[in-house]
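One structure is given here, and the rest of the page talks about it.
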């Protein structure tokens, strides 16, 4: 007992200097004691530190001053690490539980008969599309379902394994041996990938008139096993298609609230980014920044196949041409060729040509030459200065309305245009022949809301 008391830690008491105010005591100690004295300021500091070791420092005066948290934009390297658009997943469903072999036994009932229960079924594995999931990075390489429990006596059945649900982004394509199995394009859509094994039968199941005391019990079946490839194809209405350093990321920042990485030096985006363009009638258009393509992309040069598959779901395309190139119209020919080689007819979807970098001195002459060589609409813009971005946003809405009319969906844009007064329409028509910039501002203030 006495030895146990000696092992107890003695409570530390605070010295009067700490309780009454350490700064005053420190000044008094430094003035009265010399530097050569063993009880000088250094010794006093050690004693005060040892005495104040158990003092809480969570008060505002003692706590460390923390700067306000500022959310910074992720760099392209970190975005590449967080975004994954393809996975190879091995799925193994749970096995069924074993059936039990037992006989009922209780007092005054000698021949109770078999009472072995069946085993539970194994857990299945399914995929579910979730609009709040944006990447396949959270998926594991191997998934194993929960096994079913074994049966018990007294006709007790084993518990079934709980199904495993894997959440994937919208637009995930499930492939097996290179063939598409299912396309998860709607929120909440499910696909049962592997089935769990059936539970084994207990000896109660084999009871018959010929066999009144069966001893047979079967084991549970093994669960199904598959290896699937998951590919994410970006779900967007419009896709920005162009060569590297054409200004696609800067253009997406100018028309939406998306913040892809941009810089003053040449580099290419490695992952697609999706921005939302908002309108006053609460309509939203998703625009995808497809990573830059190179010549031979359909042959998977420069990860071309990984980039081209994100264009398949875009109903209309925006070709972004770099006006700093000597001949920008040749870029359009190469882009069309790459798209048609990847999927025939892909370049013939509803489209528009965006001539970027209009702020350059020689850009105006190249735009006139480009308009004379192509039949599509050419929209000259400058993502750096925001020049003529309103016209691009308005034409983007026209392409979207055409897409809705093709699917038989109602368009609120037409309804809103009918609500505009005839005087406003006449004034807008007059401004079209006078000042194009004023015309865009009028339509923007009438029909368009601020960016997200």
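Counting beta carbons within 10 Å around each of 111, 329 and listing the fewest first gives the order 111, 329. In plain terms, the residue of 84, 227, 287 with the fewest other Cβ atoms within 10 Å comes first and the most crowded comes last, giving 227, 84, 287. Across segment 85-232, the mean sequence separation of Cα contacts (distance under 8 Å, 6 or more residues apart), normalised by length, yields a relative contact order of 38 percent. Each of 371, 131 was scored by other Cβ atoms within 10 Å of its Cβ. Arranged with the fewest first, they read 131, 371. Between segment 176-208 and segment 209-251, the alpha-carbon centres lie 12 Å apart. Look at the alpha carbon pairs under 8 Å that are at least 6 residues apart: their mean separation over the length of segment 289-374 gives a relative contact order of 30 percent. Overall form of segment 238-410: rounded. Here a/c, set by the Cα gyration tensor axes a ≥ b ≥ c, is under 1.5. What is the Cα centroid distance between segment 359-390 and segment 93-140, reported in whole angstrom? If you average the Cα positions of each part, the centres end up 66 Å apart.
FYI, it's all coordinate maths here, none of it is from the lab. Everything quoted here is computed from the prediction, not taken from an experiment. With ideal geometry, Cβ positions are generated from the backbone for all residues, glycine too; neighbour counts draw on all protein chains shown.
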